[in-house]
Every structure is written in structure tokens, then in C-alpha cells.
Amino acid sequence: MHVRTFAALVALILAVAACGDALQGVGDLSAEIVAGNQTSTTTTQPGQVDLKLDPITTVVWINDELGAATAGLTLDDLLLAVWLRGDQIDQSVQASRREIADMLPGIEFPQLAPEGVSHVSSQLVYDVQTASLGVGTAAAFGLWVGEPYTAARSEAQLAVLRIGLKTFDDESLDNEVFSFSVADGRELSWVDGEYVYQLFCRTGVAPEACAAMADSTIPLSLLVSLPSPTGG
């Protein structure tokens, strides 16, 4: 991943904004571009910043047990089953990493997480009018210090990854990462394959660490086979 010109940045903003809510929460943007080819490592060499990142293999995926009831379903049945798990009012419905990987083939997730992150929450996000996956955001993940939802997000949720569906044909933006300064931290946006990714890193997570997270993504389907520390 590497730097694009400001014109390409504007093109990305316009294209993603057309997807609906994909840029919600970005706030006042500053055109600061992330330098590409960030190293996905926590090793610190002399003169380098300690990125304070841990491997994602150490975290608990809190929704893994939900996937047991939907194993073997067709995609249409899986989509409906997860939707009915919710209240049909809230667009975000708790879902396992396996369910998300099945519904969004090829979706990727960072191999690295901010130091201290111990839990990951995961949701499929729906269009409540049609009970189909949302376009601007189809899946969302929260990276938490401690058990999710037991403390204020501003204190315990260090990063959020939102993934939407790519609805435009311009391939020139693929694999380019753009970084925006926002009120509570930093937002990174990029397009890869069929998806548009947005990674929010809260203030306290170094910009270099946020960039390294974005550069460390691998298919979520590869992470599904890794056991959660609790055996999920």
C-alpha cells in the first residue's frame, strides 16, 4: 500500500460517500496521507518508534459461540438466521467471525492489534428495510481492552474496523491507504478487492501503529481456524 495524490484522495471520498454511511464519524478531515509499505512488526530497532502492537492470536473473539447454531447453512439461510438473532430494529447484529467470513468472502482483518487489546466484538450490519447486508457498512469489529461493553468506548475500545461493499469500478484506488485526523483519533480508509475498509484508531494508538495494522491484513477465513484463548 502506498501514497496517492490529493486528487485520488478526493476521488476515494466521493466514491465511498456514495455508499451511504461508510464515512460516518470521520468529522473534520485533514489531508494527511499515510506513507505506505509499513512494516507489520512489533520489533523495535534503534531510532524506531515502539508501535506497541500485539498479534491478534492473543485475543478473545466474544461471538465465536454464536456460529455453532448456523454451521452448514446456505448463505441465504445464514443471512436470515443472523438477522433474526437481532431485534430487526438495530442494524448491527452480533455475529461470529466464521459467519462474517462466510457472508463476505475474501474479507480481511489485521494480524496486529494495539497493545492491551484482549477482546474483539463482531457484527454483521444490515439494511433494516430489506434485511440484506448494508452497503456502506456490511461488517464491523471492535477491538477492546477488557470485556466489551462493560466500560465506556472512549476508554476501552481502542480501534474499530468497518467494512463496506465496493460499488464503483475505479481500480486505481485499490490498496492505497488514506489517513484522516479526526476528533478522537485517526481514520484510515482503503479499497481492496470487493470491499472498502475503514480503520479507526483512538488517540493513544500511534499513527504508525494504525498504519501497520492496515498493512497487516489477511483473509478473515484464515483466522477463523485459530482458536480463541477461551477455546471459542
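Since every read-out is calculated from the coordinates, none of them should be taken as a lab result. This one's a predicted model, so the numbers in the text were calculated from it and none came from an experiment. All Cβ positions, even for glycine, are placed from backbone atoms using ideal geometry, and neighbour counts span all protein chains on display.
Annotations for the structure displayed:
- Restricting segment 151-215 to GluC sites (Glu not before Pro) in coil, as DSSP defines it, with at most 14 other Cβ within 10 Å: E171, E194
- Mean separation of Cα contacts under 8 Å (6+ apart) over length of segment 71-194, as relative contact order %: 17 percent
- Cα gyration tensor category, rounded, prolate or oblate, for segment 91-210 with a/c compared to 1.5: oblate
- For segment 168-177, 3J(HN,Hα) per residue [Karplus equation, 6.51 cos²θ - 1.76 cosθ + 1.60, θ = phi - 60°, Hz, x = Gly/Pro]: 10, 9, 5, 8, 5, 8, 4, 6, 9, 9
- Taking 0.36 nm per residue of separation and subtracting the current Cα-Cα distance, fully stretching the chain between A81 and Q129 would add 15.7 nm.
- The stretch between S181 and A71 holds 35.5 nm of extra length on full extension. This uses 0.36 nm per residue minus the Cα-Cα distance.
- Separation in nanometres of the label points that stand 7 Å from Cα toward Cβ, at D90 and V145: 2.4 nm
- Trypsin sites (Lys or Arg not before Pro) within segment 129-219, DSSP loop, no more than 16 other Cβ atoms inside 10 Å: none
- The slack in the chain from T203 to S225, taken as 0.36 nm per residue of separation less the alpha-carbon distance, amounts to 4.7 nm.
- Rounded if a/c under 1.5, otherwise prolate or oblate - segment 184-232, Cα gyration tensor axes: oblate
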